[in-house]
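Rule-based calculations on the coordinates, nothing more; no lab input. These numbers come from a predicted model, not from an experiment. Please note: Cβ atoms are built from the backbone with ideal geometry, for glycine as well, and neighbour counts cover all protein chains shown.
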Amino acid sequence: MSNVKFYSGENIPLEMHKVRIVQKLNLVPIERRLEAVNEAGNNMFLLKNRDVFMDMLTDSGVNAMSDRQLASMMEADDSYAGSDTFTKLENKIQEIFGKSFFLPAHQGRACENILAQSFVKPESIAIMNYHFTTTKSHIVLNGGSVEEILTEEGLRVNGECPFKGNMDIANLRAFIEKNGAENISFVRFEAGTNLIGGQPFSLKNLQEARKVCDEFSVILVLDASLLADNLYFIKTREEQCKNMSIREITRAISDNADIIYFSARKLGCARGGAICTSNEKLFDRMRVLLPLYEGFLTYGGMSVREMEAMTVGLDETMDEEMINQGPQFIAYMTQELQKKGVPVVTPPGGLGCHLNAMEFVSHIPQHEYPAGALAVALYIVSGVRGMERGTMSEERDKNGIEPLANMELLRLAMPRRVFTLSQVKYAIDRIVWLYENRNLIGGLKFVEEPKILRFFLGKMGTVSNWQNDLVKKFRQDFGDSL
Ligand code: F0G
C-alpha cells in the first residue's frame, strides 16, 4: 500500500504488488453450504476447503508468498546438520533482531512447548498482556497459570485507544510484588494481541514493562507472531517512532525482550517457527529440548525450503509497503461495516476484521456461543469462513466449569496479499445482509466436546431449527444467486 490519494476522494487501499499465481475458488450454492456445515459439526475447522469461498479462518501459513521467496526455495541445503540454509536464517535473525542465538521449530506452538517446559514450574504464574489459546494450554499443561494484565481499554470492544494491547504497568508491578518474583515464570508480551482483535502494544509500554522486569529480575518474553501488524501501528500511531524506520523499531522492540519467539506461519509468510535470545544461559535451557521434540538444531522440524522462504519473508517484513497491506485492508473493511451500523471491533487492528458477536446477535446468550453461531450463519449465507474467538475458544476449568470469554468475536482474518478488494466488498455485502436478518440466527450447543483445545475438533448442534429459515430468507432476497 502506498500513500496514494484518489481524485474521487475515496479512501481505497492500493496494492503495491501484482498477482502472478492464482488458485481457483469455488462458491457452492447455499443449499450445499448448509449441508457442508452440518457435515462439519458446525465447526469452521472441520469444513473442507472445496466448500469454502473466502477462507478468512486464519492468516496462519496462508499468506501470499513473493516471487523472491519462491525463488529462494530452489536453493535450499538439505543437510541434516550444519546446513547453509540454517546459517542464512540465523544470520537474518541476528541482523533483524540483534539476537545471538537461534532455535528453529516447526511452528509457534512448538516454541511455546519448549518455553513452557523450560520456564514454567508447577504453581508458577506467567503474566501476559493477554493469553493466546495454545500458549495458555502449554502453560497449564506444565502446571502453571496465566495472569492477564491488560489496560482497561484493551477489553473495551470499541474506543479510540491506539494501543489496546498495552499492559497496565502499575498492576504489573503490584502483581509481582504480591506474588513474589520467584513465582513468576516470565512476563509475556504478545504483539498484535490476537484474541482481543489484533491490537498492538506501544514501544513505550514495552519499555516501561522492561524496567519492572529488571527491578524484579523477571524474564521478558515477546511473542512476535503478529509483529508485522504491531510494527505498522507503532510507526503510524506512536509519536516517538514516526521518524524511525521499521528496522529501527524492530530493533528497539527486540532490545527490550530477553527471548523472542514467533510463528513464521504469520511473521515471515512461510511455515515454521523460531526462538531467539542473546542470553546463553536461557538458550542452553531451551536447546536441550529441541532434538527431542522438533529435530536437529539446524532444522527444528521445518522443511529447509520453508526456512529459505522465511529468511526472505523476514527481510520483506522490514518493508513498510509490505506490512501495511493487511492493516489497511482491515481498516477498509471495518470502516465500511461501521458505516452500515454493523458492530465491529474498533479501532481496526491487525490480523483481521473482527465482528462483535455479543452485539451482532445480542439475543444469543453466551453459553450458546454467539460468535460460533455467527460464524456458522455467515458461512451459510456467503461461503466466507471466519473463526470464533469467544467462549468456544476457552477451556473448562478443573471443576468442569466453562469460563465465559471477555469478548465474543467473529474474526475474519485477512491473509496478507491474498484477497482482492472486490472479494472484500462481497464479504461486506453479505455481512450487512446478515446483520439486517440477524434475528434469524440461533445458538449452538456442543454434541462432542474434547477436553483440550475443544474449538479445533469439537462438534456442535443447533439449539433450534434456525438454519433452514436463514436459507429460505436468503433465497427470497437473492433469488438464484450463489
Ligand atoms: N502466538 C500467537 C499470537 C498466535 O496467533 C499463534 C497462532 C501462535 C502463537 C501459535 O502459532 O499456529 O504456528 O503454532 N495463531 C493462529 C491463528 C493459529 O489462527 O490465530 P502456530
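So the values come out like this:
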{"read-out": "Extension gain, residue 242 back to residue 38 (0.36 nm per residue minus Cα-Cα distance, nm)", "value": "68.5 nm"}
{"read-out": "5 angstrom amide H check on residue 350, placed H, neighbours 5+ away", "value": "199"}
{"read-out": "Cross-link pairs 425/459; 18/340; 136/398; 398/451 - those with Cα-Cα distance over 19 Å", "value": "425/459; 18/340"}
{"read-out": "Karplus (6.51, -1.76, 1.60) ³J(HN,Hα), θ = phi - 60°, over the range 307-322, in Hz, Gly and Pro reported as x", "value": "5, 4, 5, 5, 4, 5, x, 5, 4, 5, 5, 7, 9, 4, 5, 7"}
{"read-out": "Karplus-derived 3J(HN,Hα), 6.51/-1.76/1.60, for each residue of the range 273-284, Hz, glycine and proline x", "value": "x, 8, 10, 9, 7, 9, 9, 5, 5, 5, 4, 4"}
{"read-out": "Candidates per GluC sites (Glu not before Pro) in the range 130-195, loop by DSSP, up to 12 other Cβ within 10 Å", "value": "160"}
{"read-out": "In the range 2-78, GluC sites (Glu not before Pro) in a DSSP loop with at most 11 other beta-carbon atoms within 10 Å", "value": "10"}
{"read-out": "Those lysines that a straight Cα-Cα span of less than 22 Å connects to residue 88, excepting residues fewer than 8 apart in one chain", "value": "99, 266"}
{"read-out": "Residues whose placed amide H lies under 5 Å from that of residue 298, excluding near-sequence neighbours", "value": "82"}
{"read-out": "The range 4-46 and the range 404-482: distance between their alpha carbon centers, rounded to Å", "value": "14"}
{"read-out": "Mean ellipticity per residue at 222 nm, deg cm²/dmol - from DSSP H runs of n ≥ 4 across the chain, formula -39500 (n - 2.57)", "value": "-11500 deg cm²/dmol"}
{"read-out": "Theoretical FRET efficiency, 1/(1+(r/R0)^6), r = Cβ-Cβ of residue 46 and residue 321, R0 35 Å, to 0.05", "value": "0.40"}
{"read-out": "Span from the the range 315-355 Cα centroid across to the the range 56-96 one, whole angstrom", "value": "26"}
